[in-house]
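Taken together, the values in this text are just the output of simple stated rules run on the coordinates, not laboratory data. All values derive from a computational prediction rather than experimental measurement. Cβ placement follows ideal geometry from the backbone for every residue including glycine, while neighbour counts extend to all protein chains displayed.
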């Protein structure tokens, strides 16, 4: 079934055998302290290696940018060694995996920073609560990054990209979505700057351009991707003119010639965030001519339809990959997709339950 999802796709230097991408999924299984990838994580990714491309869970580029309990990092040599086992496991199964690089900006609670304030484009405070090792706590005010700070953070991204290369990944994806630091610069609801990083959409996209350029310096454009969330509010991050803002972001991606662009676009009935703000993929498709991946609440039927129509080149699936490690095979055979058990408790846990214990279709058939 859905033969068009099983056509190969070239994304820069990455050759995907199918168009079913595994979306980035925060799972909170790294070893602490140190948030180091472990053998259980290698098993998890190996089980899902049949994806056309795996985009790893969001991975902190620095202590400053990391604020989710047990989410892995890529700033230390110990972390690099942990990731080597993950990439080796995926490659041994014939898969491809890129590392998603993450700075959470104002969404890092001071508990993760020895009491220091988080950083952002401007001095703002995120709404709601942060998840910390001591439970949920109110977000606290961020300080605005200085020009010198911005240059330092860009270098943190560059170092993380080199560490990802040393760890054996096939490329990197910049997390520019979901209200995190890059998004905080892009949107005028969180970027109140009056210097060269604020004001016009092009100025607000300057930080995005500098970070992507640093990643391209390390990897070449043919192994760098970008994730954006161009419609609607996310974690208190919003914009008064999404079309103008994300046209500027798309122009950055196009001018640098990056390998792929992924868009998370919830709709009014979204199951993990919802919005009535129109989706921007049609506008972005006219600007960015490389491979476009769409994401958010797709069924296999909807994915097949959008790839067949040319609306996108591939679709990334998130939660379906949690409980269906062999998701491409299930889609190909028209099999029922397994539901996520213990939702959402098993999404962010410390053990194997709800993480590496989901059976494949073949295992289900043998035990039936």
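Name the residues in the range 32-45 that are surrounded by fewer than 21 Cβ atoms within 10 Å (Cβ to Cβ) and either under 20 Å from residue 319 (Cα atoms) or free of Cβ contacts under 8 Å to residues at least 24 places away in the same chain (or both), would you? Please lay out each step first, then the result.
Keep residues of the range 32-45 that are surrounded by fewer than 21 Cβ atoms within 10 Å (Cβ to Cβ), which gives 32-34, 36, 38-40, 43.
Those that are surrounded by fewer than 21 Cβ atoms within 10 Å (Cβ to Cβ) and either under 20 Å from residue 319 (Cα atoms) or free of Cβ contacts under 8 Å to residues at least 24 places away in the same chain (or both): 33, 40, 43.
Filter the range 268-283 for residues that are in contact with a strand residue (DSSP E or B) (Cβ under 7 Å, 6 or more places away or on another chain) and either under 20 Å from residue 200 (Cβ atoms) or part of a helix (DSSP H, G or I) (or both) and give the result. It would help to see each step written out before you state the result.
So the first thing to find is which residues in the range 268-283 are in contact with a strand residue (DSSP E or B) (Cβ under 7 Å, 6 or more places away or on another chain), and the list is 273, 281.
Once the filter is applied, which keeps residues that are in contact with a strand residue (DSSP E or B) (Cβ under 7 Å, 6 or more places away or on another chain) and either under 20 Å from residue 200 (Cβ atoms) or part of a helix (DSSP H, G or I) (or both), the range 268-283 yields only 281.
If residue 328 satisfies every condition in (1) touching a strand residue (DSSP E or B) at 6+ places or on another chain (Cβ under 9 Å); (2) assigned to a helix (DSSP H, G or I); (3) within 26 Å of residue 232 (Cβ to Cβ) but one, which is the exception?
(3)
All but one of (1) buried (at least 19 other Cβ atoms within 10 Å of the Cβ); (2) in contact (Cβ under 8 Å) with a residue 60 or more places away in the chain; (3) within 20 Å of the chain's Cα centre (by Cα) hold for residue 220; which doesn't?
(1)
Table: residues versus (1) farther than 21 Å from residue 244 by Cα; (2) within 20 Å of the chain's Cα centre (by Cα).
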| residue | (1), (2) |
| --- | --- |
| 157 | yes, yes |
| 161 | yes, yes |
| 165 | yes, yes |
| 177 | no, yes |
| 181 | no, yes |
| 185 | no, yes |
| 188 | no, no |
| 191 | no, no |
| 200 | no, no |
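So is residue 63 in a loop (DSSP other than H, G, I, E, B) and either at positive phi or in contact (Cβ under 8 Å) with a residue 12 or more places away in the chain (or both) or not? Even if it seems obvious, please write down each step before you answer.
Values: in a loop (DSSP other than H, G, I, E, B): yes; either at positive phi or in contact (Cβ under 8 Å) with a residue 12 or more places away in the chain (or both): yes.
Spelling it out, residue 63 is indeed in a loop (DSSP other than H, G, I, E, B) and either at positive phi or in contact (Cβ under 8 Å) with a residue 12 or more places away in the chain (or both).
Search the range 113-129 for residues being surrounded by fewer than 23 Cβ atoms within 10 Å (Cβ to Cβ) and in contact with a strand residue (DSSP E or B) (Cβ under 7 Å, 6 or more places away or on another chain), and hand back the single one that is nearest to residue 182 (Cα to Cα). Lay out the reasoning, then the answer.
Here is the first cut: in the range 113-129, the ones surrounded by fewer than 23 Cβ atoms within 10 Å (Cβ to Cβ) are 113-117, 122-125, 127-129.
So of that shortlist, the ones also in contact with a strand residue (DSSP E or B) (Cβ under 7 Å, 6 or more places away or on another chain) come out as 117, 122-123, 129.
Values: 117: 18, 122: 12, 123: 15, 129: 20 Å.
So the residue we want is 122.
Answer yes or no: is there a residue in the range 192-201 that is closer than 27 Å to residue 126 by Cα and buried (at least 24 other Cβ atoms within 10 Å of the Cβ). Before you say what the answer is, go through the steps one by one.
Our first condition is that a residue be closer than 27 Å to residue 126 by Cα; within the range 192-201, this holds for 192-201.
From the residues that got through so far, the ones that are buried (at least 24 other Cβ atoms within 10 Å of the Cβ) too are none.
No, that holds for no residue.
With respect to residue 355, determine if the residue is outside any helix (DSSP H, G or I) and surrounded by 20 or more Cβ atoms within 10 Å (Cβ to Cβ). Spell out the reasoning first.
Details: outside any helix (DSSP H, G or I): yes; surrounded by 20 or more Cβ atoms within 10 Å (Cβ to Cβ): yes.
Yes; evaluated as a whole, the condition is true for this residue.
Output the number of the condition that residue 286 fails; it satisfies all remaining conditions of (1) surrounded by fewer than 19 Cβ atoms within 10 Å (Cβ to Cβ); (2) touching a helix residue (DSSP H, G or I) at 6+ places or on another chain (Cβ under 7 Å); (3) farther than 28 Å from residue 145 by Cα; (4) without any contact (Cβ under 8 Å) to a residue 40 or more places away in the chain.
Checking residue 286 against (1) surrounded by fewer than 19 Cβ atoms within 10 Å (Cβ to Cβ); (2) touching a helix residue (DSSP H, G or I) at 6+ places or on another chain (Cβ under 7 Å); (3) farther than 28 Å from residue 145 by Cα; (4) without any contact (Cβ under 8 Å) to a residue 40 or more places away in the chain, the one that fails is (2).
Across the range 76-105, what is the number of residues that are surrounded by 14 or more Cβ atoms within 10 Å (Cβ to Cβ), outside any helix (DSSP H, G or I) and out of contact with any strand residue (DSSP E or B) (no Cβ under 9 Å at 6 or more places or on another chain)?
0
Tell me which of these residue 52 doesn't satisfy, since it passes every other one: (1) under 21 Å from residue 153 (Cα atoms); (2) out of contact with any helix residue (DSSP H, G or I) (no Cβ under 6 Å at 6 or more places or on another chain); (3) surrounded by 24 or more Cβ atoms within 10 Å (Cβ to Cβ).
Every condition holds for residue 52 apart from (1).
Can you name the number of the only condition in (1) assigned to a loop (DSSP other than H, G, I, E, B); (2) over 18 Å from the mean Cα position of the chain (by Cα); (3) touching a residue at least 60 places away in the same chain (Cβ under 8 Å) that residue 130 fails?
Here residue 130 meets the rest and fails (1).
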